[in-house]
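Take a look at the structure set out below.
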Amino acid sequence: MILTVTLNFALDVTYAAPRVRWRYTNRVSVVGRRAGGKGVNVARVLHALGRDAVVTGLAGGATGAAARAELERSGLIDATVSVRDQSRVTIIVVERDGEVTGFSEPGPEVTAAEWARLLARFHELLGAAEAVVLSGSLPPGVPLDAYAQLIAIAAAADLPVLLDAEQEALARGVAAGPQLVKINAGELDGFAPGLDVFSGAARLRAAGAGAVVVSEGPAGLVGLTESGAWRAVPPRVSGGNPTGAGDAAAAALVAGMVDASPWPQRLSDAAALSAAAVSAPMAGSFDQSAYRRLRGEVIVREQTPP
């Protein structure tokens with residue numbers, strides 16, 4: 001199975017509205033509520049692909065209970081750790097023209113004892129895991145080197161790790177040597193300001209990442225690895241909700257890691273799955289028919305980094 005870690009577990013609320021008018025009351029046509037956080041989204045996509053995935057992380061309060069209940073209804077394995085404080089709510093507003101606006105709360109205040117329980121649960125779950133996905137923000141109280149700690153534990157168990165983080169959590173996590181860092185262009189610019197995508201990815205590899213995959217939105221993915229560099233470009237997808245597209249890419253990449261697929265195939269699958277996720281209404285979902293079609297339409301080209 002693939003173990004996904006969502007330290008900042010959430011209840012995701014998605015609103016579909018014709019158009020948002022600020023300073024006015026807006027009528028919402030469709031509401032979706034489900035467990036969220038980047039690792040949960042990855043697990044959902046893996047589950048839809050027929051992969052065994054387990055969700056762990058920190059969940060608390062009424063929102064945490066509601067999210068965990070939905071997680072179970074979805075068929076995902078809930079191995080989260082309870083915390084005293086309330087898990088966050090994230091709100092995504094999707095307009096008819098494809099504009100997306102998000103609001104994300106900071107998350108619960110996590111105590112040292114709660115963090116220690118998460119570390120113990122992580123140790124327990126590694127015995128059945130083939131790979132680990134660490135993704136998303138850190139709630140207040142969790143140490144800034146949280147991902148570095150988890151990567152070190154996974155390394156001791158000889159398990160590969162995909163890391164998807166930003167800012168200080170990324171900087172400290174990458175120093176622990178994850179096998180793969182998946183990052184978007186904006187997050188990469190935060191780590192390596194002013195550098196082009198290949199130079200920024202090279203800096204991440206020099207800092208400790210085994211390989212780096214950078215999402216550039218509709219332009220596709222760039223991969224820089226010890227065996228080469230590639231760019232994967234999907235056909236243009238019109239409209240939709242891009243929230244969770246990066247998590248769909250991460251799901252494809254960790255599946256490729258487990259299967260030891262060639263890098264061009266991993267990147268092609270990740271680009272196709274990411275594009276298919278844009279066609280789905282909520283993060284953690286993807287359009288199955290679009291994915292099957294797009295897998296044959298992604299163009300992967302080997303690159304020579306500057």
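The values are calculated or read from the model by the stated rules, or taken from the named source; none is laboratory data. A quick note: this is a predicted structure, and the numbers were derived from the prediction, not measured. All Cβ positions, even for glycine, are placed from backbone atoms using ideal geometry, and neighbour counts span all protein chains on display.
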Number of the condition not met by residue 130 [criteria: (1) out of contact with any helix residue (DSSP H, G or I) (no Cβ under 6 Å at 6 or more places or on another chain); (2) farther than 28 Å from residue 14 by Cα; (3) touching a residue at least 60 places away in the same chain (Cβ under 8 Å); (4) not hydroxyl-bearing (Ser, Thr, Tyr)]:
(1)
If residue 255 satisfies every condition in (1) part of a loop (DSSP other than H, G, I, E, B); (2) more than 23 Å from residue 32 (Cβ to Cβ) but one, which is the exception?
(1)
Considering only region 157-211, how many residues are basic (Lys, Arg), part of a helix (DSSP H, G or I) and under 22 Å from residue 263 (Cβ atoms)?
2
Out of everything in region 215-237 that is touching a residue at least 60 places away in the same chain (Cβ under 8 Å) and in contact with a Ser or Thr (Cβ under 8 Å, 6 or more places away or on another chain), what residue ends up being farthest from residue 179 (Cα to Cα)?
234
Return the residue satisfying two criteria in turn: it lies in region 40-56 and is over 15 Å from residue 259 (Cβ atoms) and small (Gly, Ala, Ser), and of such residues it is surrounded by the most Cβ atoms within 10 Å (Cβ to Cβ).
43
Going residue by residue through region 145-156, is there one that turns out to be assigned to a helix (DSSP H, G or I), of a type in the set (Phe, Trp, Tyr) and touching a Leu at 6+ places or on another chain (Cβ under 6 Å)?
yes
Identify, by number, the condition in (1) within 22 Å of residue 12 (Cα to Cα); (2) out of contact with any Asp or Glu (no Cβ under 9 Å at 6 or more places or on another chain); (3) assigned to a strand (DSSP E or B) that residue 106 doesn't meet.
(3)
Take region 83-103 and flag every residue that is in contact (Cβ under 8 Å) with a residue 24 or more places away in the chain and surrounded by fewer than 17 Cβ atoms within 10 Å (Cβ to Cβ).
84, 91, 95, 96, 97, 98, 99, 100, 101, 102
Among what's in region 204-263 and is under 19 Å from the mean Cα position of the chain (by Cα) and polar (S, T, N, Q), pick the residue that is modelled with the highest pLDDT.
215
Selection from region 28-60 of residues without any contact (Cβ under 8 Å) to a residue 40 or more places away in the chain and either in contact with a Cys (Cβ under 6 Å, 6 or more places away or on another chain) or more than 21 Å from residue 90 (Cβ to Cβ) (or both) yields 50
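Can you tell me which residues in region 104-114 are crowded, with 18+ Cβ neighbours inside 10 Å and among the hydrophobic types (A, V, I, L, M, F, W, C)? Walk me through how you get there before you give the answer.
Taking region 104-114 and keeping what is crowded, with 18+ Cβ neighbours inside 10 Å, we get 107-108, 110, 114.
Result: 110, single match.
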List pairs: first in region 250-269 and free of Cβ contacts under 8 Å to residues at least 24 places away in the same chain and over 15 Å from residue 215 (Cα atoms), second buried (at least 19 other Cβ atoms within 10 Å of the Cβ) and not hydrophobic (A, V, I, L, M, F, W, C), Cβ under 8 Å, 6+ apart or cross-chain?
256/266; 256/269; 261/269; 265/256
Residue under evaluation residue 71, criteria (1) of a type outside the set (Val, Ile, Thr); (2) surrounded by fewer than 21 Cβ atoms within 10 Å (Cβ to Cβ); (3) without any contact (Cβ under 8 Å) to a residue 60 or more places away in the chain, criterion not met
(2)
